[in-house]
Amino acid sequence: MIRWETTVTSSYPSLTRALAEALVDVLWFIDGSEDEQMDQDDAVKVMEGVAHVVSTLPGDQQQELIALLGAMAAAETNPARREFLEEFPEGFGLIADLP
């Protein structure tokens, strides 16, 4: 019997970071999608659903996500994606709008 073993090494320091990266990737795609790619009503529902989930996280988890997003933004080389990351905390209800 031949046994194949594959070693997969992650480039993420934690599961939380990997999930944050995946979440941002999906939301970045949805945010930039055109009508032909995705129904815009569905896109809004997904974005609002994520905003609800992250805005109801306990404070320490919200702060962890905000810190992760800040680190991701600092490392991002695409200016548009960096802006998306920088605006994420406010846009998704992690920090309140300032008057």
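Annotations for the structure displayed:
- For region 10-61, a residue qualifies if it is part of a helix (DSSP H, G or I), open to solvent by 50 Å² or more (accessible area, probe 1.4 Å) and in contact with an Asp or Glu (Cβ under 8 Å, 6 or more places away or on another chain), and exactly one does: THR16.
- Within region 64-93, the residues that satisfy the criterion of being closer than 18 Å to GLU21 by Cβ, surrounded by 13 or more Cβ atoms within 10 Å (Cβ to Cβ) and not hydrophobic (A, V, I, L, M, F, W, C) are GLU64, GLY70, GLU76, ARG81, ARG82, GLU86, PRO89, GLY91.
- When VAL46 is tested against the conditions (1) within 16 Å of the chain's Cα centre (by Cα); (2) within 20 Å of LEU15 (Cα to Cα), the lone failure is (2).
- Test: residue in region 79-89 that is modelled with pLDDT of 90 or more and outside any helix (DSSP H, G or I): no
The values are calculated or read from the model by the stated rules, or taken from the named source; none is laboratory data. All figures in this text were calculated on a predicted structure; none of them were measured in a lab. Heads up, the Cβs are rebuilt from the backbone with ideal geometry, glycines too, and the neighbour counts pull from every protein chain shown. Note: accessible area is taken over every heavy atom of the protein model, side chains too, but ligands, DNA and RNA are not part of it. Shrake-Rupley method; radii C 1.70, N 1.55, O 1.52, S 1.80 Å.
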